[in-house]
Amino acid sequence: MVLPDHPTPIPLRTHTADPVPFAICGGGHGADLVSAFDERSAAEGSYGVRIGSDLVRMMIEG
């Protein structure tokens, strides 16, 4: 799994609590049609927007 730890929008120049994009490879996680690694594209992907504990569970359960 690849993801940043927090967003820092350039206009705000500080951290925010907005969702961050993530990518998963392997462990039975299939590909979707997302072709860019950014917030909008990731939110439109097959996993949508998830909370952190869901991501951890996905990695543990495979």
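The values are calculated or read from the model by the stated rules, or taken from the named source; none is laboratory data. Being a predicted model, the structure only gives us computed values, none of them experimental. Glycine gets a Cβ as well: all are built from the backbone with ideal geometry, and neighbour counts include every protein chain shown.
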Just to be sure before I move on: is Ala42 under 9 Å from the mean Cα position of the chain (by Cα), surrounded by 10 or more Cβ atoms within 10 Å (Cβ to Cβ) and of a type outside the set (Lys, Arg) in the structure I sent? yes
So for segment 42-60 (the condition being at pLDDT below 85, part of a loop (DSSP other than H, G, I, E, B) and not acidic (Asp, Glu)), does at least one residue qualify? no
